[in-house]
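Q: Next up is a structure, given as structure tokens.
Taken together, the values in this text are just the output of simple stated rules run on the coordinates, not laboratory data. Computed from a predicted structure; not experimentally measured. Positions of Cβ are backbone-derived with ideal geometry, glycine not excepted, and every protein chain shown enters the neighbour counts.
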Amino acid sequence: MLLFRRLDSAHTHRNLIGQHPLILRIQALIKKVAATDATVLISGESGTGKELVARQIHSLSPRAAGPFIALNCGAIPAELLESELFGHERGAFTGAVGTRHGMFQVASGGTIFLDEVAEMSPPLQVKLLRVLQEREFRPVGSDRSMKTDVRVIAASNKELFDEVSKGRFREDLFYRLQVIPIRVPPLRDRRSDVPLLIDHFLEKMNARRPQGPVRVNDEARVQLWEYDWPGNVRELENVIEQLVVLADGDTIEAENLPPSIRRFVAGKHNPTPALSDEGFDFNRAVEAFENQLIVEALRRSGGNKQAAARLLGLKRTTLVAKLRRRRGGNGVEELTP
Amino acid sequence: MSENPSDESKNAPRRRARDPGTAAAAKPGNPRRPAADFGSVLVVDDNRDAVDILCRLLGTQHLHTIPAYGGSECLDIARSQPIDLILLDVSMPGMDGLAVCRELAKEERTRSIPIILVTARDDHETRVAGMRLGVSEFLTKPVNRAELLERVRGQLSARVLAREMDETIERTPQE
């Protein structure tokens, strides 16, 4: 079973994409920290690109010719993780039929990326601390220590400081890991990068599309921009891939977006009105909401009432009656895009 | 948290500035940066009542606000004072909010100030213009208070994070 991954050629040219001031700072910090051998702690929500940052640091470092090994501490049972990290001697435990090298041997001369480091058990945290302090470790079942020459980059989607406060993570290890802290922001806090990322992933996916490239129209693009992306850049990449694979023609429109995104964006523009101390005019609020829907349907249908009525799920006569009713107050002209 | 990197231990725990401006952040004894240090929020609308309501709302979160009642006044203040966030109306007489965004983007000093558009203009063209001008958020009036505060916190957290990263870049040795 391959529990950790080596850096392969497919990953070597991937960089953190963006022009947001925070991304520019992260890029500057990556360049500076790559030249050192300092331990780095990368934090950020899932899907923000923590591993990408670690790979970039490795690629730009003097260790670039050495291996880059990534391991997700949260994905491996605690009893297996020790052996994965430090290796074991033959007969160290039931099933240990032979001697096995751990990551700290395999990655010699390179970089180890420990993702979800907060999930590491307390005994293993002690062993990792020893590696960072003494640059040596002891394989499971062995009575002798081994020297290691690896750079450690750790990452966590949990707030590691909070884990220390709760007594779940060793404070001394926390200090050792975050010699250089890098925090990757969630995509919603750097929304201005969304159009750039859309184009980046579109170009990547289009290159693999035999039917020719697709484009994203303005309305779809603006809805993608307004969405909050709880799964961050990874979610955006997956959505663009899905849109390109499923595209019928050469243009992705708002109607093609996943329903969850369309619902979210619609909710932003039709917020539930807050009831003030004075209350509010129910009929006016409902009328305003109807107006918004009718204007949008007419805009999308190019002013064609039959098509607009179809979009709204109304009979054409009902739509025309609604438009007539508004002629006095808001006027049909106002409702026509 | 000090602005001076030399005041901080190299290994001091660096807290996440995830809730600037909350009442909790401003409580005496809380080691987090006092809310007032999260910078000033420039609130721009030609409707004085709207400015007043927004300033009072942000004030409840101990945030420092500066009112402005038009596009030109907004530009004057952003060019002369340290501003961490602009809440900007779109439909204003004279220079509208989108024109303000274009002007802010031209100058080094004001280019990176995050902008939240707070507008009744919810049409396709205005939203597309906001996206193309690189605004940080687009909120439709009437604004949901909780959502506005969440967006303000997000943008101010990013500003604090940028300052912290500047400190980290500064103290990282070039080998």
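Q: Please give me, ordered by residue number, the chymotrypsin sites (Phe, Trp or Tyr not before Pro) of the stretch A:89-131 that lie in loop per DSSP and have at most 15 other Cβ atoms within 10 Å. Each step should come with its number before you reach the end.
A: Values: sites: A:F93, A:F104, A:F113; in loops: A:F93.
Answer in residue order: A:F93.
Q: Pairing the Cα long axis of helix A:232-246 with the longest principal axis of chain A, what angle in degrees results, from 0 to 90 and rounded to the nearest 10?
A: 60
Q: Toward the positive end of the charge dipole of chain A, about the Cα centre and with charges on Cβ (Lys, Arg +1; Asp, Glu -1), which of A:I23, A:V320, A:I153 goes farthest?
A: Of the listed residues, the answer is A:V320.
Q: Relative to 2.2 N^0.38 Å, what does the C-alpha radius of gyration of the stretch B:18-169 come to as a ratio? Two decimals please. All intermediate terms of the calculation are to be shown ahead of the outcome.
A: Values: Rg = 15.0 Å, N = 152, 2.2 N^0.38 = 14.8 Å.
Computed over Cα atoms of the stretch B:18-169, the ratio equals 1.01.
Q: Averaged over every viewing direction, what's the projected area of the C-alpha convex hull for the stretch A:19-92? Give it in nm², one decimal, please.
A: Convex hull of Cα atoms, orientation-averaged projection: 6.7 nm².
Q: Normalised by the residues of the stretch A:19-114, what does the relative contact order come to in percent, with Cα pairs under 8 Å and at least six apart?
A: 28
Q: Please state the charge dipole magnitude for chain A, taken about the Cα centre, from unit charges on C-beta atoms (+1 on K and R, -1 on D and E), reported in debye and rounded to the nearest 20. If you can, show how the numbers build up before the last one.
A: Numbers: 48 positive and 43 negative charges, 119 e Å.
That gives chain A a dipole magnitude of about 580 debye.
Q: Now a separate question. Along the charge dipole of chain A, Cβ charges K/R +1 and D/E -1, which of A:F282, A:V245, A:L114 sits furthest on the positive end?
A: Looking along the dipole axis, the top candidate is A:V245.
Q: Separation of the stretch A:179-214 and the stretch B:71-110 by C-alpha centroid, Å?
A: 28
Q: I'd like the mean, over residues of B:151-159, of how many other protein chain beta carbons sit within 10 Å of each residue's own Cβ.
A: 3
Q: Across the residues of A:216-225, average count of Cβ atoms on other protein chains within 10 Å?
A: 3
Q: If I take the Cα coordinates of chain A and project them onto the principal axes, what are the three extents in Å, biggest first?
A: For chain A, the Cα spread along each principal axis is 90, 56, 42 Å.
Q: Treating only the Cβ atoms of Lys and Arg (+1) and Asp and Glu (-1) as charged, compute the dipole magnitude of the stretch A:5-185 about its Cα centre; round to the nearest 20 debye. Don't skip to the end; give the middle numbers.
A: Working: 24 positive and 20 negative charges, 105 e Å.
Around 500 debye, computed over the stretch A:5-185.
Q: Roughly how tilted is helix A:282-300, in degrees to the nearest 10 and between 0 and 90, from the longest Cα axis of chain A?
A: The answer is roughly 80 degrees.
Q: Still on this model: Please compute, over every Cα-Cα pair in the stretch B:79-175, the percentage with a separation greater than 18 angstrom.
A: Here the tail beyond 18 Å accounts for 52 percent of pairs.
Q: Check cross-link reach from A:K127 to the lysines: straight Cα distance under 28 Å, and skip same-chain residues fewer than eight apart.
A: Excluding near neighbours in sequence, the set is A:K50, A:K147, A:K158, A:K166, B:K10.
Q: Also, quick follow-up: Checking the cross-link filter: which lysines have an alpha carbon closer than 22 Å to that of A:K315, excluding same-chain neighbours under 8 positions apart?
A: Filter leaves A:K305.
Q: Further, regarding this structure: Using only Cα atoms, tell me the angle between helix A:50-60 and the longest principal axis of chain A; keep it within 0 to 90° and round to the nearest 10.
A: Orientation of helix A:50-60: about 60 degrees from the principal axis.
Q: For the stretch B:127-162 and the stretch A:118-142, what is the separation of their C-alpha centers, rounded to whole Å?
A: 44
Q: State the volume of the convex hull built on the alpha-carbon positions of the stretch A:5-185, expressed per residue in Å³ and rounded to an integer.
A: So the per-residue Cα hull volume is 116 Å³.
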